2 protein chains.
Amino acid sequence: MRPKIYLFGDSITEESFGDSGWGATLAHHFSRTVDVVLRGYSGYNTRWALKVFERVFPPDAGAGEGDEPLAATVFFGANDACLPDRCSAFQHVPLDEYKQNLRSLVSAFQKRWPNALVLLITPPPIDEVARLKFPYVESPDGLPERTNKAAGAYAEACVIVAKECGVPYVNLWTKMQEFPNWETAYLSDGLHLTPAGNRIVFEEVVIKLKDSGLCLENFSVDLPLISEIDPNDPLKAFE
Amino acid sequence: MRPKIYLFGDSITEESFGDSGWGATLAHHFSRTVDVVLRGYSGYNTRWALKVFERVFPPDAGAGEGDEPLAATVFFGANDACLPDRCSAFQHVPLDEYKQNLRSLVSAFQKRWPNALVLLITPPPIDEVARLKFPYVESPDGLPERTNKAAGAYAEACVIVAKECGVPYVNLWTKMQEFPNWETAYLSDGLHLTPAGNRIVFEEVVIKLKDSGLCLENFSVDLPLISEIDPNDPLKAFE
């Protein structure tokens, strides 16, 4: 059976198989070696993610050990960071609870699959101007439902939890803001990703997986590559 | 467990999770409902596909019935149609054997999974001018390894087998040639697909799946959509 990597997260994960999406690009990168399995849930925060963990990853889904994935990305926080007094308040999770929920999610994965790598990804930065143009819920007070400052606090909390738990992380909030024009280069609506933004997530995830030994060079291709097939005796490769 | 659709084929399947790829777009289309699982093998013909069928779909991989996919696309023929006297002759499979191999592949799926839909896809048309510019093996005689006429014969054979077996099919060879400039609009190197070519495969596959009842309206979303969550009592949705 081909090994798996799960992508667990919110809309930025759910949309990751769209055009130039980071999830699809990861599946393409690992074609012939690893199945990249999409488990994205638009709008979800860590509180709801914890509630549904057992349903997303049912204990009896696989035949035991063979079902253990190589890794899972855990990419929540963009919704937790909605401000509690603005128009998407119902998605808000307080910062301390967010940290505790992330710890619980990491534990849940580690308990289920002790050998699987858990990779935390922080929320991206927020472009508040664009959020007002593309709100999920109309803002009655003319203020955006998310701010970049709040997203930054959740990103920092995510990094703290990753370090505490000893798991790798991608600090997307910091990484994206290293580049000029990140607001429009990487974000399509102040929150979700452009093709270039998707590219950054893909590259950072590949780097972190590789740091933990999860890279193409270490995986075996399941069947002969065309380049390994002898043109004079093709069937030999399939004996 | 979320239901699955397998994509089994050659490089046009293996590359289907690349940029704007038809496989990734299908996975995106079915996000929250179906896992689209990539089983593409560049360069493979139906003879080799038959040889590896049991390894690609191991009988003991799943826990019995729950493992049965909703559908599998079977998309071979572009390599079988390489001409027997040209530079990619080692991939060639005679037309009669191609038909027999396709029948055997359909049977193998139906024997393994009696309720799964098998969807045959014909090879695409070939732009011979482009094939000379982008050969896999250098052509010593200045002739392309594939011709559009040969691809058409294999496409016709694929349709005949589909009708014989009573399974749906996508006639890509015919469909693409309905449009002007198909050579460059849909093919990037005379054989593989451009984003627009990928779009056609995606659309045709979605139409054929829908004809067999495999469409979003008939699938249940695994967990509450954000639009179904009551902002005044979000946790109610997760009870």
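Mind checking whether some residue in region B:108-119 is open to solvent by less than 10 Å² (accessible area, probe 1.4 Å), among the polar types (S, T, N, Q) and under 18 Å from the mean Cα position of the chain (by Cα)?
Start the filter on region B:108-119 by keeping residues that are open to solvent by less than 10 Å² (accessible area, probe 1.4 Å), which leaves B:109, B:118-119.
Next, only the ones that are among the polar types (S, T, N, Q) stay: none.
Within region B:108-119, none of the residues are open to solvent by less than 10 Å² (accessible area, probe 1.4 Å), among the polar types (S, T, N, Q) and under 18 Å from the mean Cα position of the chain (by Cα).
Taking A:PRO144, is it in contact with a helix residue (DSSP H, G or I) (Cβ under 6 Å, 6 or more places away or on another chain), over 30 Å from B:ARG55 (Cα atoms), open to solvent by less than 40 Å² (accessible area, probe 1.4 Å) and not in a helix (DSSP H, G or I)? Before the answer, list the steps.
On the way: in contact with a helix residue (DSSP H, G or I) (Cβ under 6 Å, 6 or more places away or on another chain): yes; over 30 Å from B:ARG55 (Cα atoms): yes; open to solvent by less than 40 Å² (accessible area, probe 1.4 Å): yes; not in a helix (DSSP H, G or I): yes.
Spelling it out, A:PRO144 is indeed in contact with a helix residue (DSSP H, G or I) (Cβ under 6 Å, 6 or more places away or on another chain), over 30 Å from B:ARG55 (Cα atoms), open to solvent by less than 40 Å² (accessible area, probe 1.4 Å) and not in a helix (DSSP H, G or I).
Within region A:207-228, which residues are aliphatic (A, V, I, L, M) and either touching a Gly at 6+ places or on another chain (Cβ under 7 Å) or open to solvent by 30 Å² or more (accessible area, probe 1.4 Å) (or both)?
First pass over region A:207-228, keeping only residues aliphatic (A, V, I, L, M): A:207, A:209, A:214, A:216, A:221, A:223, A:225-226.
The answer is A:ILE207, A:LEU216, A:VAL221, A:LEU225, A:ILE226.
If A:GLU145 satisfies every condition in (1) within 14 Å of chain B (Cβ to nearest Cβ); (2) under 30 Å from B:PRO58 (Cα atoms) but one, which is the exception?
Of (1) within 14 Å of chain B (Cβ to nearest Cβ); (2) under 30 Å from B:PRO58 (Cα atoms), only one is false for A:GLU145: (2).
For B:ALA237, all conditions in the list (1) within 14 Å of chain A (Cβ to nearest Cβ); (2) surrounded by 19 or more Cβ atoms within 10 Å (Cβ to Cβ); (3) part of a helix (DSSP H, G or I) hold save one; what is the number of the exception?
(2)
Which residues, counting only those in region B:85-107, are within 14 Å of another protein chain (Cβ to nearest Cβ) and open to solvent by less than 10 Å² (accessible area, probe 1.4 Å)?
Passing the criteria: B:SER88, B:GLN91, B:VAL93.
Got a sec? Which of A:VAL167, A:VAL161 is buried (at least 16 other Cβ atoms within 10 Å of the Cβ), assigned to a helix (DSSP H, G or I), touching a residue at least 60 places away in the same chain (Cβ under 8 Å) and hydrophobic (A, V, I, L, M, F, W, C)? Don't jump to the end; show me each part of the working.
Details: A:VAL167 fails: assigned to a helix (DSSP H, G or I).
The match here is A:VAL161.
Which residues, taken from region A:90-112, are out of contact with any Pro (no Cβ under 6 Å at 6 or more places or on another chain), farther than 13 Å from A:CYS165 by Cβ and free of Cβ contacts under 8 Å to residues at least 12 places away in the same chain?
Let us first name the residues in region A:90-112 that are out of contact with any Pro (no Cβ under 6 Å at 6 or more places or on another chain), namely A:91, A:93-112.
Filter once more, keeping what is farther than 13 Å from A:CYS165 by Cβ: A:91, A:93-98, A:112.
Listed by number, the residues that qualify are A:PRO94, A:ASP96.
Could you please find all residues in region A:173-191 being touching an Asp or Glu at 6+ places or on another chain (Cβ under 7 Å) and either open to solvent by 30 Å² or more (accessible area, probe 1.4 Å) or among the basic types (Lys, Arg) (or both)? Write out each step before concluding.
The initial filter retains those residues of region A:173-191 that are touching an Asp or Glu at 6+ places or on another chain (Cβ under 7 Å), namely A:175, A:183, A:187, A:190.
Of everything in region A:173-191, those that are touching an Asp or Glu at 6+ places or on another chain (Cβ under 7 Å) and either open to solvent by 30 Å² or more (accessible area, probe 1.4 Å) or among the basic types (Lys, Arg) (or both) turn out to be A:LYS175, A:GLU183.
Give the number of residues within region A:9-60 that are more than 7 Å from chain B (Cβ to nearest Cβ), acidic (Asp, Glu) and in a helix (DSSP H, G or I).
Number of matching residues: 2.
Just need a number here: residues in region B:16-25 that are in contact (Cβ under 8 Å) with a residue 24 or more places away in the chain and surrounded by fewer than 23 Cβ atoms within 10 Å (Cβ to Cβ). Explain how you work it out, then say what you get.
So in region B:16-25, the residues in contact (Cβ under 8 Å) with a residue 24 or more places away in the chain come out as B:16, B:19-22, B:25.
When the remaining residues are screened for being surrounded by fewer than 23 Cβ atoms within 10 Å (Cβ to Cβ), the result is B:19-20.
Summing the residues that are in contact (Cβ under 8 Å) with a residue 24 or more places away in the chain and surrounded by fewer than 23 Cβ atoms within 10 Å (Cβ to Cβ) in region B:16-25 gives 2.
Note down all Cβ pairs under 6 Å where the first residue falls in region A:113-139 and is within 14 Å of chain B (Cβ to nearest Cβ), the second is assigned to a strand (DSSP E or B), and they're at least six residues apart or on different chains.
Final answer for the pair search is none.
One residue is enough: does region B:194-204 have a residue meeting the conditions open to solvent by 30 Å² or more (accessible area, probe 1.4 Å), within 14 Å of chain A (Cβ to nearest Cβ) and touching a residue at least 24 places away in the same chain (Cβ under 8 Å)?
Yes, there is a match, as at least one residue in region B:194-204 is open to solvent by 30 Å² or more (accessible area, probe 1.4 Å), within 14 Å of chain A (Cβ to nearest Cβ) and touching a residue at least 24 places away in the same chain (Cβ under 8 Å).
The values are calculated or read from the model by the stated rules, or taken from the named source; none is laboratory data. Predicted model only: the values in this text are computed from it and were never measured. Note: ideal-geometry Cβ built from the backbone for every residue, glycine included; neighbour counts use all protein chains shown. Just so you know, the surface numbers come from the protein's heavy atoms only, side chains and all, with ligands and any DNA or RNA stripped out. Shrake-Rupley method; radii C 1.70, N 1.55, O 1.52, S 1.80 Å.
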